Amino acid sequence: MVLDTPRLRLRCWRETDRDALAAMHEDAEVMADHGRLLSRTESDAKLDRYAAAFERYRICRWAAEDRAGDFLGYIGIMPSWPEHPLGPHREIGWRLVRRAWGHGYATEAAQAALADAFERGGVKEILAYTGPDNLRSQAVMARLRLERDPQRDFTAHLDGVDYPSLVWVARRPTA
């Protein structure tokens, strides 16, 4: 399964993506919004989780690459974790290697992932959330024309850290 955009390819994960994903997770600038770097074990588990999501739900965080096949990061839809403060839902997210920032790739790929989840996946609503200080992701959400929903803002407590999150909503277009 591949989603093509004018400049990018979103595809299922390969074993050969592990090194590039781990390198991205070891970049302090890329991981600043997460609050910490991920170990190789954590990065590999994330890749496994994304691949399993595609097998189970037919949607996932896709591996993103440019037309030359260079790894750029991930973008796509995932089901929420079981104990999420907002209950069960689908969430769109992205993380790109530093050299891919500022080119509009997150917006371009997120548009394709949203369209795919709504059309092929039959999803009716997708949430997006980020920290109050992550202005870059908030700008992507604005370019995607997601609707801000402050009533759903939440704080998640993960690995001993509180993550306040602002929430945006994408809804399946009506015919």
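Every read-out reported here was derived from the displayed coordinates using simple, explicitly stated rules and does not represent laboratory data. What you see is a predicted model, and the numbers here were worked out from it, not measured in a lab. Here the Cβ positions follow ideal geometry from the backbone for every residue, glycine too, while neighbour counts run over all protein chains shown.
For the reader, a short list of remarks on this structure follows.
- Taking the DSSP beta bridges with both ends in the chain, the antiparallel portion is around 95 percent.
- Restricting segment 27-74 to trypsin sites (Lys or Arg not before Pro) that sit in a DSSP loop and have at most 14 other Cβ atoms within 10 Å of their own Cβ leaves 36, 58, 67.
- Amide H contacts under 5 Å for residue 97, placed H, 5+ residues apart: 73
- Packing-based exposure ordering (other Cβ within 10 Å, fewest first) of 174, 5: 174, 5
- Fluctuation leader among 161, 97, 123 - the chain, Gaussian network, Cα springs under 10 angstrom: 161
- Between segment 32-88 and segment 125-175, the alpha-carbon center distance in angstrom: 16 Å
- Kirkwood hydrodynamic radius of segment 2-126, from inverse mean 1/r over distinct Cα pairs, in Å: 14.7 Å
- Shown in residue order for segment 4-11 are the 3J(HN,Hα) couplings computed by the Karplus curve 6.51 cos²θ - 1.76 cosθ + 1.60 at θ = phi - 60°: 9, 10, x, 10, 10, 10, 9, 9 Hz (x for Gly and Pro).
- Packing, taken as the mean count of other beta carbons within 10 Å per residue, orders the peptides 103-109, 133-139, 16-22 from highest to lowest as 103-109, 16-22, 133-139.
- Label point distance in nm, residue 115-residue 52, each placed 7 Å from Cα along Cα→Cβ: 3.1 nm
- Under 5 Å between amide hydrogens, built in the peptide plane, is the criterion, and for residue 31 it picks out nothing among residues at least 5 positions away or on other chains.
- In range of the label at residue 157: residues from segment 66-96 whose backbone nitrogen is under 16 Å from the point 7 Å along Cα→Cβ: 83-86
- Applying both filters, DSSP loop and at most 14 other Cβ atoms within 10 Å, to the trypsin sites (Lys or Arg not before Pro) of segment 99-133 gives 120, 124.
- In Hz, Karplus ³J(HN,Hα) per residue of segment 12-25 (6.51, -1.76, 1.60; θ = phi - 60°; x = Gly, Pro): 5, 6, 10, 4, 6, 7, 4, 5, 5, 5, 4, 4, 4, 6
- The Kirkwood radius of segment 55-175, taken over pairs of alpha-carbon atoms, gives through the Stokes-Einstein law at 20 °C and 1.002 mPa s a diffusion coefficient of 143 µm² s⁻¹.
- Amide H contacts of residue 153 (H built 1.01 Å from N, under 5 Å, at least 5 apart or other chain): 167
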